[in-house]
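For reference, the structure discussed in these notes is given below.
Derivation of every value follows stated rules applied to the coordinates shown; laboratory data play no part. From a predicted model like this one, the values you see are computed outputs, not experimental measurements. All Cβ positions, glycine included, derive from the backbone under ideal geometry; neighbour counts span all protein chains shown.
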Amino acid sequence: MPNATTRPKRTRRHRRAQREDAVRNELVSRSLESAQQCLFSQDYGTAFVHYLLALNLAPALKDFANESFRFTLFRWADELDSLGRIQDLFNCYEQAMELFPMDEVIVNSMGEHLFRMGFRDEAAGHFYKALKLRPDFPEAKENFYRVANWLVERWHFLMLNDHGRNHKYQLAIKKAVEEGCSSVLDIGTGTGILGMCAKMAGAAEVYACELSKTMYELACEVLSANGMADSIKIVHLKSLDMKIPKDIPNRVSLVVTETVDAGLFGEGIIETLIHAWKHLLLPPPSTHQPLSSPSQTGRVIPAGATVFGVAVQCREIRRHHRLCASSVGGLDLSAVGQIYSPVSCLADTEDSTEPYTTERLSRLRGGYIQLTHPFTALDIDFNNLQELEGLCSREVMQLRLCVTQEGVLDALAVWFQLHLDQDNHLSTGPQEDTCWEQAIYPIQSPFNTVKCGDEILVEVSCKDSYLRLCCAAIIRDGHTFHMDNVTPKILTASPEAELCSALAGLQTSQEKPCAFMLESAEIALLNNTAYHNSFQRAMSKLLVSLKSTRRSDTELDPIYVLDVSEGFSVLSLIAAQLGSDSSEDKQISPGLVQAYSSVEKEHHQTMLRLLAKGNGVLESTLEFWLSHVEDDSAVLQRPATEKLWSAIILDCIETCGLIRQKMLEKATLARCLLEDGGQIFPERIVIHGMLVESDTLLRESAVQGTEPTLGFNIAPFINQFTVPVHVFLDLSTLECTHLSEAVELFALDLMNSTSNYTDREVKVRVNTSGKVTAIAFWYQIHLDSEQSVSTFSEDSHWKQAAVVLQQPLTVSRGEWVKLSIQLHKSSISITAVKEEGLGADDVIREAEPMTSDS
Ligand code: 44T
């Protein structure tokens, strides 16, 4: 029998609990009600607070209120974003994620905010997490694929797949350890492979450091999977921040590192090694006691390097770094003066810019021609601290190269040999079968043709941890022609741009013109005459047709053209010029066109103004506008709202070969804002594709088993960062076999949404037996029904892309492959299956083979 005295107590407690419940329920329901009211009146901030309160008090309601909560959060976050209240925005997301830790939509959305604010690593981490929560979540997938490169750069795959390189490092490490180097530090360990080699070779103590958080975490997973988590100590630090005894107990006898880039020093190896010799390594063997024990002295793998170079002619490099076209789309480009790419060794460019770009010479479209014999630019001993320290204070070294082949001096190309030890060397040369690219130092001087017998004066120096090569002069018949004697003021962004725009107003023909800096992709765009000329023809046709259909009362109204291209674009100016006095097209009357450009950067605007002036286009007919507005819908609104746009120019394809994000949304918006008879440029985009077999693509996309990685289990970990779509490809030089003709995969009609499809099946006939590893794709951009350009043409500034299949598909000639293509927003995914025994009543549409020019 229960104790009678306890009863009333329990009842009191029970009643109190009941009362509390009632109060809580009341509070919850009132909060939910208020939240809804606030939502209704679009007071998202207050609605958010009410939801937070309600759901924290009544977690059971989370499922029920999830949708409205998300909606409120996203609206409120947008508002905070536009108010610049970034800290508040992130606080809201933190609270939301505490409440809904498994909500992939919230996690993904937080990633999008982070990304927009430039926190790319953090953003990528959120997309990755969202995808882990729901692997088939399309938004997170698209976002993750776009940023995976920031987390794990693609060259990690190449390096790990390069068995030759891994094996040579393994041999050198083994030898050093066997000779007595018993404590090892792997600087920039990546996935941990060199550290594991040291451990396997028998080193007593192995340490590793890695500055990238993702790579550090990956290395931890790899070490565990290979049973070395306890025997290799890894720290998430830059080596320069490592301290003894905090991070490693004592100085080590061997440092192994491959912190080198295509230009050798760009990853900071000089600074890294100077620091290592001073703080982390045992002293080197002294010259007095050369036989001192290797366990008591320090050494570095690689022991040193030799840098080589060669002068080259290469059209592909030229068109990315120098203005080659004198006019495009009817515009005379001479008015802008000189244009420079940011990759430059010029004396007065900012020191922070990289002095080189990187390319695989063997994969450059159109090839390249050597104008000199290869030369040795530098020799460096990584085991000599004095030499390392002296490198940057060394005087500029001058070399004279004999020209052996007449041509255009477009670049100096550089590669190196890494001397791991006395017996093992790695070369990054253009002829080698390696994963390495070469460093390219473009020559931007306008004086650049060389003849046999000329000498090129090259200056080699090392500054700000970059190896710098510069063509100082050409020596011909005893005369020296200096290359940098007229370096104009190069304009990149404000405030100089303001100065120049003032200057532009005053400029007379005697004044020295300004020089402008454009990204290399923008220079290539400007050099793409076919594209601009096609646009000019299509635009001209539209103007003529609009003019002829206008009623007499609107005849004198201008035709409004809007260019919403991202980055630099002269298309609006081409339109404005068609309607100006200077237009050669006499069917179009002067003042007919009022063009709007959404070019944002000041130096871009200055360039357009100069071009307008130089081409007789009235300044008032080209306006820059709404550059500060982020929201797409606002960008597309016409200033005079009662009028509609006659033409809207969309820049649909990114240089990398992908459809621009939000392109379809922009087209939808553009259609709403277009006048009758108006046009969107381009009006249609057709995606073309081809079955290819390419080991190179496979090696760039995922680590292929354990054989290349010396038997270590690395692939499953790093391959989590594999992305199916490869970008920035040059299909004309990619090592691959074409297994089919090019076929039409997909068409996007920007003028008419109803004919777009987001899922499609296409049947492709195999014409060469092999293994389908990827579907390469590119675009035919139809400006109108007559004018089109291909992103796979010789002058294209766009690169191509490819979807790498998860499993290669072995096919024989004559067989059919069924491709399922999906376009989600702007991201494309493709799967392929073999089409066995195709029946007569099969409904699959057969793809039309295309003509060779597409
Ligand atoms: N890529 C070459 C450059 N690190 C290799 O975080 C060749 C590019 C390349 N960690 C195509 C082909 C190729 N302390 O994970 C990185 C980096 C890390 C450090 C700690 C330091 N002082 C550093 C410095 C760098 O080291 C790892 C390797 S850097 C190698 C760069 C395949 N495109």
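Could you give the Stokes-Einstein D for the range 143-198 in µm² per second, using the C-alpha Kirkwood radius, 25 °C, 0.890 mPa s? My calculation gives 191 µm²/s for D. Remark: the Asn56-Ser393 segment gains 115.0 nm on full extension, using 0.36 nm per residue and subtracting the alpha carbon distance. The label-point distance for Ser295 and Ser231, in a model that sets each label 7 Å from Cα toward Cβ, rounds to 1.7 nm. Direction-averaged projected area, Cα convex hull, the range 221-275: 4.9 nm², rounded to one decimal. Restricting the calculation to alpha carbons of the range 644-713 gives Rg and Dmax of 20.9, 66 angstrom. When the P(r) of the range 729-837 is calculated, the portion above 24 Å amounts to 29% of the C-alpha pairs. Note on Glu735 and Asp477: the extension gain reaches 88.6 nm, defined as 0.36 nm multiplied by sequence separation minus the Cα-Cα distance. Take the range 410-468, drop everything but the C-alpha atoms, weight them equally and run the Debye formula without solvent; then report log10 I(q)/I(0) at 0.29 Å⁻¹ to two decimals. Relative scattering, expressed as log10 I(q)/I(0), comes to -1.22. Rg and Dmax of the chain, based on Cα coordinates, read 31.5, 120 Å.
Extension gain, Thr353 to Asp759, is 141.8 nm, computed as 0.36 nm per intervening residue step minus the present C-alpha separation.
Using the Cβ-Cβ distance between Asp63 and Glu179 with R0 set to 56 Å, the FRET efficiency works out to roughly 0.30.
When you filter the GluC sites (Glu not before Pro) in the range 757-825 for DSSP loop state and at most 14 other Cβ atoms inside 10 Å of their Cβ, you are left with Glu786, Glu794.
Of the chymotrypsin sites (Phe, Trp or Tyr not before Pro) in the range 447-486, the ones in a loop by DSSP (not H, G, I, E or B) with at most 15 other beta carbons within 10 Å are Phe447.
Label positions at Glu20 and Lys451, each projected 7 Å from the Cα along the C-beta direction, are separated by 9.8 nm. The relative contact order of the range 134-267 comes to 24 percent, based on Cα pairs under 8 Å that sit 6 or more residues apart.
Model label points for Thr768 and Glu786, set 7 angstrom from Cα along the Cα-to-Cβ axis, are 3.7 nm apart.
Cross-linked pairs Lys771/Lys825; Lys129/Lys666; Lys771/Lys834; Lys174/Lys199; Lys141/Lys834; Lys168/Lys199: Cα-Cα separations exceed 18 Å for Lys771/Lys825; Lys129/Lys666; Lys141/Lys834.
What Kirkwood Rh does the range 368-410 have if only Cα atoms enter the pairwise 1/r average? Answer in Å. Kirkwood radius, the range 368-410: 13.1 Å.
Here the range 252-398 is treated as a Stokes sphere of Kirkwood radius computed over C-alpha pairs; at 10 °C and 1.306 mPa s its diffusion coefficient rounds to 84 µm²/s.
Against the empirical curve 2.2 N^0.38 Å, the C-alpha radius of gyration of the range 179-254 lands at a ratio of 0.99.
Take the range 317-447, drop everything but the C-alpha atoms, weight them equally and run the Debye formula without solvent; then report log10 I(q)/I(0) at 0.16, 0.17 Å⁻¹ to two decimals. Debye intensities relative to I(0), on a log10 scale: -1.06, -1.17.
What the Cβ-Cβ distance of Thr376 and Gln431 gives, at R0 = 22 Å and to the nearest 0.05, is a FRET efficiency of 0.85. Counted by neighbouring Cβ atoms within 10 Å, the residues Leu99, Leu401, Leu525 run from fewest to most as Leu99, Leu401, Leu525. Per the Kirkwood formula applied to alpha carbons, the range 45-168 shows a radius of gyration over Rh ratio, Rg over Rh, of 1.13.
Volume per residue of the convex hull around the Cα atoms, evaluated for the range 34-104, comes out as 78 Å³.
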